[in-house]
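Presented below is the structure to which this report refers.
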Amino acid sequence: MEQLTIVSEVMAALGRVLPGRRPIALHEPEFGGNEWQYVKNCLDSGWVSSAGDYISRFEHLLQDFTGAPHAVAVVNGTAALHMALLLAGVRPGDEVLTPSLCFVATANAISYCGGIPHFIESDSSTLGAGPAVLGEYLNDIARISGGVCVNHNTGRPLRAMIPMHTFGHPVAIEGFLELCERFRLALVEDAAESLGSYYGERHTGTFGLLGTLSFNGNKIVTTGGGGAILTSDSALAAQARHLTTTAKTNHRWTFSHDQVGYNYRMPNINAALGCAQIEQIAGFLDAKRRLAARYHQAFASVSGATLFSEPPGCRSNYWLNVLLLDHPSETILDALLQTTNEEGVMTRPAWKLMHQLPMYASCPRMPLPVAEGLSARLLNLPSSAVLGRDDGE
Ligand SMILES: *Cc1c(COP(=O)(O)O)cnc(C)c1O
């Protein structure tokens, strides 16, 4: 009976916020600005590939928007993470702390470095990792030895930590900064989902040694595929540029490379899309906040489920709206997924937890009851910017 009530109340609330057309996507891109013109400029000039003016223009727009002193545009967010971890010193056999409730790209990037993901617990007040419980855990398992943090259960170095701003909601980043200092870990911030989200006055992705963004088709702005590395360290930015451009030495005609590099630079045609998209980000953010406010209003009267709000002191981009069941229930969650998707309202559960995937099942991890509870409570709702506009269909 309870299940039927929740499902019908949720359907009614969704109907109030999303009248009109079906199906409704979870997140669709919008190309209402200079996209056609800038892409045409690339085609007309022949500069479509990994050199051209739009790349540095896009990087400057990212720097201005986030306040990061340096931005390096790359082919996707996963490549940005891979590069950031290499630059943070992650080497084969190192452990890297990362939330189990996360997109698979983060654990994969650790693996590309030969590192071992070490899964950490979530906090239901941010949906990201929680620094307090992690600090207690590290007090138990971590020892500083010769300036290096070592997991004394495995004997391996603990090299870095990757907090992630989940669905755009800022994590308690100051707590992680403090832990990284105390345990001598490099902080790499996965801000793939949080362009336009602020912790206090400061943009997410600018707190760590390095931060990463994604511009995949479902993110708040898209370049088709793309990503970026943010840092305030000019030497790291120069290394990122060099390594992502096949470590080619600077010469007018000689093809020479001074280390094993990567072909990770963002092509000009993608950067052209990115410039046009960033020009519109204020409007996207505004529309998404209005959509979130409508969801809040509509779900206020629904019993048994609550719309997730940005953490206090933070400003979220509300990339994907989150409905949380008050109590974990796979049965109710499945019923909601079934009914909404059958009715053409695309909803999605959280990612399957990383420690439950076959390739990561044997990785070290702390107890994860909150992450496991969240994955049986969490439903992502349609969140495209267009749905927040008054003329939005
Ligand atoms: C999207 C995303 C990435 C990177 O994705 P790409 O598709 O490679 O651009 C990384 N981490 C998280 C949490 C993401 O959501």
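How about the stretch 18-44: which of its residues are among the small types (Gly, Ala, Ser) and within 22 Å of Glu279 (Cα to Cα)? Correct list: Gly32, Gly33.
Go over the candidates Arg365, Arg315, Arg294 one by one and state the one that is out of contact with any helix residue (DSSP H, G or I) (no Cβ under 7 Å at 6 or more places or on another chain) and either assigned by TED's automatic domain parsing to the domain that holds Gly168 or surrounded by 16 or more Cβ atoms within 10 Å (Cβ to Cβ) (or both). So that I can check it myself, show each step before the final result.
Values: Arg365 fails: out of contact with any helix residue (DSSP H, G or I) (no Cβ under 7 Å at 6 or more places or on another chain); Arg294 fails: out of contact with any helix residue (DSSP H, G or I) (no Cβ under 7 Å at 6 or more places or on another chain).
Result of the check over Arg365, Arg315, Arg294: Arg315.
If you take the residues in the stretch 215-239 that are among the polar types (S, T, N, Q) and under 23 Å from Thr249 (Cα atoms), which one is nearest to the ligand (Cβ to nearest atom)? Quick ask: steps written out before the conclusion?
Initially, the stretch 215-239 is screened for residues among the polar types (S, T, N, Q), giving 216, 218, 222-223, 231-232, 234, 239.
Cutting the leftovers down to under 23 Å from Thr249 (Cα atoms) gives us 231, 234, 239.
Working: Thr231: 17, Ser234: 25, Gln239: 21 Å.
Filtering first and then ranking leaves Thr231.
Looking only at residues of the stretch 337-362 that are touching a Phe, Trp or Tyr at 6+ places or on another chain (Cβ under 6 Å) and part of a helix (DSSP H, G or I), we find that the one that is surrounded by the most Cβ atoms within 10 Å (Cβ to Cβ) is Met354.
Keeping to the stretch 205-220, report how many residues are in a loop (DSSP other than H, G, I, E, B) and either within 12 Å of the chain's Cα centre (by Cα) or buried (at least 24 other Cβ atoms within 10 Å of the Cβ) (or both). Before you say what the answer is, go through the steps one by one.
Initial filter on the stretch 205-220 (in a loop (DSSP other than H, G, I, E, B)): 205-209, 215-220.
This time we only want the ones that are either within 12 Å of the chain's Cα centre (by Cα) or buried (at least 24 other Cβ atoms within 10 Å of the Cβ) (or both), so: 205, 208, 215-216, 218-220.
Number satisfying all stated conditions: 7.
The number of residues in the stretch 139-152 being at pLDDT 95 or above and open to solvent by less than 80 Å² (accessible area, probe 1.4 Å) comes to 7. Determine whether Asp190 is under 30 Å from Ala292 (Cα atoms) and acidic (Asp, Glu). When the stated conditions are applied, Asp190 passes them.
So, Glu9, is that one among the acidic types (Asp, Glu) and open to solvent by less than 40 Å² (accessible area, probe 1.4 Å) or not? The answer is no for Glu9. Within the stretch 144-197, the residues that satisfy the criterion of being away from the ligand (no atom under 16 Å from the Cβ), under 14 Å from Glu95 (Cβ atoms), touching a residue at least 12 places away in the same chain (Cβ under 8 Å) and part of a loop (DSSP other than H, G, I, E, B) are Asn153, Thr154, Arg156, Arg184, Leu185.
State all residues of the stretch 12-21 that are within 17 Å of Arg348 (Cβ to Cβ) and exposed (fewer than 12 other Cβ atoms within 10 Å of the Cβ); if no residue qualifies, say none. Across the stretch 12-21, there are no qualifying residues.
The values are calculated or read from the model by the stated rules, or taken from the named source; none is laboratory data. None of the values given here were measured: they were computed from a predicted structure. Cβ atoms come from the backbone with ideal geometry, glycine included; neighbour counts cover every protein chain shown. In case anyone asks, the SASA skips ligands and DNA or RNA and just uses the protein heavy atoms, side chains included. Shrake-Rupley method; radii C 1.70, N 1.55, O 1.52, S 1.80 Å.
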